[in-house]
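Input: a single structure, listed below in structure tokens.
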Amino acid sequence: MKRVSFAIVLACALWSTSYAQAPKTPRGTATDVTNADIMAVVSKMTTPVSDIQIRVAGIENQPNIGIGVVRRAKPAGANSIEHSQISEIYHVIRGTATLVTGGTMENPRESAPDSQVVKVLNGPSTGGGKVANGVSRTMTVGDVVIIPPNTPHWFSSIDTDDIVYLVVRVDPHKVLPAGYGAK
């Protein structure tokens, strides 16, 4: 019995040692997006609504991650959107606005499958008018919000000349083009 117990303990020790020492394979290379990259994109944003994807990083066995910048000028329009497969994380870098999430989108319509919105920015999406019965919050510089898939969202008001935010798009279904880089 002592020999069997010793053999089990020895086998477990050898297994855990070999498991702990197994080399880990990187799942990709790091992708840099510098503040200079972000500000260069912001300086080119002249239309009332600009959404520019800077990079999409493909990570082996993990979601693709997109990094972009969005600018929305005052006044806010009644343009809501929801994305069926992408979560978005907004980090406000300029301005103040009221963001509404959840609720019910008025006049929903599917985005065209061959549109820039679907192919590069957000994957399959639905756009519409105002969002009724959602949760409103004021967003200002430094604030962050996480918006899950299938969550209608829109800026009901923009209190400054514009609101500019960094957007991180988490793409578990890999619908965004890995390796994409803004030209």
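The values are calculated or read from the model by the stated rules, or taken from the named source; none is laboratory data. Keep in mind that this is a model prediction, so the values were computed, not measured. Positions of Cβ are backbone-derived with ideal geometry, glycine not excepted, and every protein chain shown enters the neighbour counts.
Please specify each residue of the range 73-85 satisfying the condition of being more than 20 Å from R55 (Cα to Cα) and either out of contact with any Lys or Arg (no Cβ under 7 Å at 6 or more places or on another chain) or surrounded by fewer than 19 Cβ atoms within 10 Å (Cβ to Cβ) (or both).
Across the range 73-85, the qualifying residues are A73, K74, P75, A76, G77, A78, N79, I81, E82, S84.
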**Prompt:** Do we have T98 as out of contact with any His (no Cβ under 8 Å at 6 or more places or on another chain), farther than 30 Å from R27 by Cα, among the hydroxyl-bearing types (S, T, Y) and exposed (fewer than 15 other Cβ atoms within 10 Å of the Cβ) here?
**Reply:** no
K119: passes all of (1) surrounded by 13 or more Cβ atoms within 10 Å (Cβ to Cβ); (2) closer than 16 Å to N64 by Cα; (3) touching a strand residue (DSSP E or B) at 6+ places or on another chain (Cβ under 8 Å) but (3)
Subset of the range 146-183, residues over 15 Å from the mean Cα position of the chain (by Cα), among the hydrophobic types (A, V, I, L, M, F, W, C) and in a loop (DSSP other than H, G, I, E, B), comes to A182
Across (1) at pLDDT below 95; (2) closer than 29 Å to V141 by Cβ, V100 clears everything bar (1)
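Name the residues in the range 97-116 that are touching a residue at least 12 places away in the same chain (Cβ under 8 Å) and not in a loop (DSSP other than H, G, I, E, B), would you? Show your work before the answer.
Residues of the range 97-116 that are touching a residue at least 12 places away in the same chain (Cβ under 8 Å), as a first pass: 97-111.
Selection gives A97, T98, L99, V100, T101, T104, M105, R109, E110.
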The residue that is farthest from R169 (Cα to Cα), considering only those in the range 65-82 that are part of a strand (DSSP E or B) and not β-branched (V, I, T), is A73
(request) Please work out if V131 is more than 21 Å from K174 (Cα to Cα) and crowded, with 18+ Cβ neighbours inside 10 Å. (result) yes
Considering the range 53-64, residues that are surrounded by 18 or more Cβ atoms within 10 Å (Cβ to Cβ) and of a type in the set (A, V, I, L, M), and then whichever is nearest to I163 (Cα to Cα), we arrive at I54
So, first residue within 13 Å of A182 (Cβ to Cβ) in the range 32-50, second residue assigned to a loop (DSSP other than H, G, I, E, B), Cβ within less than 7 Å, six or more apart or across chains; the pairs are V41/A182
Exactly one of Q62, Q85, Q53 is assigned to a strand (DSSP E or B) and either of a type outside the set (G, A, S) or more than 18 Å from the chain's Cα centre (by Cα) (or both), and that one is Q53
The condition of being at pLDDT below 95 and closer than 23 Å to D162 by Cβ holds, among G142, G134, G127, only for G127
